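Before I ask anything, let me first share the structure, which is written out below as structure tokens.
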Amino acid sequence: SPTIGVLALQGGVAEHQRMLGHLGAETVLVRKPEQLDAIDALVLPGGESSTIDRLTRIFGLRDPLIDAIRGGLPALGTCAGLILLSSHIDDPAPGQQSLSVLDVGVSRNAFGSQVASAEVTLTWLGTASPSVRAAFIRAPVVTSHGPEVEPLAEHEDRVVAVRQGNVLGISFHPELTGDTTVHRELLEMAST
Ligand code: GLN
């Protein structure tokens, strides 16, 4: 079975680990650069993107993450993870950087506050399933994207899931609804 790393600096790590385990994958909590060499794919979870960004630099993971993902490591970023993967943050926290491995611009907290968060069924244009049950929590949206980026889902006429080669980025939290579509999509990417 594939070994999937979950970036374990801050945020919803355990939920991803549980879902990947449920799908039969081995999981590794990634906190050190050398762990990136021993995984078949990586999940960057939701949480607080400016905190995770800061921790990637403190843990010496920023450049190794960029190298690994540019080198073809399949990667899934959810919510804050999408913000981290992006090439432009419209409304960054002071000093906040992103990894620039996914050619999208994002806006943070675009769907309003935690209170306004919603659970909905979206059409999924990937291969794993025709639809996905999605939870939005202070979710970002994709505000712009390059020609190599393929939109995979929309919510309220805004792009909330994309794929560019080995990189998958989604605004929402499938690990909270129990829907396995996006994780199965990542496992397919890890096995090809
Ligand atoms: N709004 C958060 C951020 O900017 C992301 C929220 C989430 O990951 N659920 O990091």
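Read-outs throughout are calculated quantities, based only on the coordinates presented, and are distinct from any laboratory measurement. Keep in mind that this is a model prediction, so the values were computed, not measured. Glycine gets a Cβ as well: all are built from the backbone with ideal geometry, and neighbour counts include every protein chain shown.
Using a cut-off of 14 Å between beta-carbons, work out the net charge of the residues near residue 59 (Lys and Arg +1, Asp and Glu -1, residue 59 not included).
Around residue 59, the charge tally is +2.
Show me 182-192, 101-111 ranked by packing, highest mean number of other Cβ atoms within 10 Å first. Don't skip to the answer; put the middle values down first.
Values: 182-192: 19.7, 101-111: 21.5.
Top to bottom by mean Cβ count within 10 Å: 101-111, 182-192.
A further question follows. For residue 118, which sequence-distant residues (separation of 5 or more, or a different chain) have an amide H within less than 5 Å of its own amide H, given hydrogens modelled in the peptide plane?
Hits under the 5 Å cutoff: 136.
Something else: Quick check: pseudo-label points 7 Å beyond the Cα along Cα→Cβ at residue 14 and residue 97, how many nm apart are they?
3.2
Can I ask one more? Given charges of +1 on the Cβ of Lys and Arg and -1 on the Cβ of Asp and Glu, with all other atoms neutral, how large is the dipole of the stretch 24-133 about its Cα centre, in debye to the nearest 20?
Taking the Cα centre of the stretch 24-133 as origin, the dipole is about 160 debye.
Taking the Cα centre of the stretch 3-191 as origin and charging only Cβ (+1 Lys, Arg; -1 Asp, Glu), how large is the dipole, in debye to the nearest 20?
400
On to the next question. Once the other residues with Cβ under 13 Å from the Cβ of residue 87 are scored (Lys, Arg +1; Asp, Glu -1), what is the net sum? Don't skip to the end; give the middle numbers.
Values: positive: 70; negative: 90, 103, 148.
Around residue 87, the surrounding residues sum to -2.
Out of residues 5 or more away from residue 28 or on other chains, whose amide H comes under 5 Å of its own, with H placed 1.01 Å from N in the peptide plane?
4, 5, 6
Also: What is the sum of charges, Lys and Arg at +1 and Asp and Glu at -1, for the other residues whose Cβ falls under 11 Å from the Cβ of residue 5? Can you show the working numbers first?
Working: positive: 31, 32; negative: 26, 37, 40.
Around residue 5, the charge tally is -1.
Can I ask one more? Testing the spin-label approximation: label points 7 Å from Cα along Cα→Cβ at residue 38 and residue 121. State their distance in nm.
Here the answer is 4.2 nm between the modelled labels.
OK, next. Starting from 0 in steps of 5 Å, tell me what percent of the Cα-Cα pairs of the chain lands in each bin.
Pair shares across the bins are 1, 9, 19, 24, 23, 16, 7, 1, 0.
Could you tell me how far the Cα centroid of the stretch 93-162 sits from the Cα centroid of the stretch 1-25, in Å?
Using only Cα atoms, the two centres lie 20 Å from each other.
To continue, here is another question. Show the residues, 5+ positions off or on another chain, whose built amide H is closer than 5 Å to the amide H of residue 47.
Amide H to amide H, under 5 Å and 5 or more residues apart or across chains, residue 47 pairs with 12, 80, 81.
Mind checking the full-extension length gain between residue 144 and residue 63? Use 0.36 nm per residue of separation minus the Cα-Cα distance, one decimal, nm.
26.7 nm
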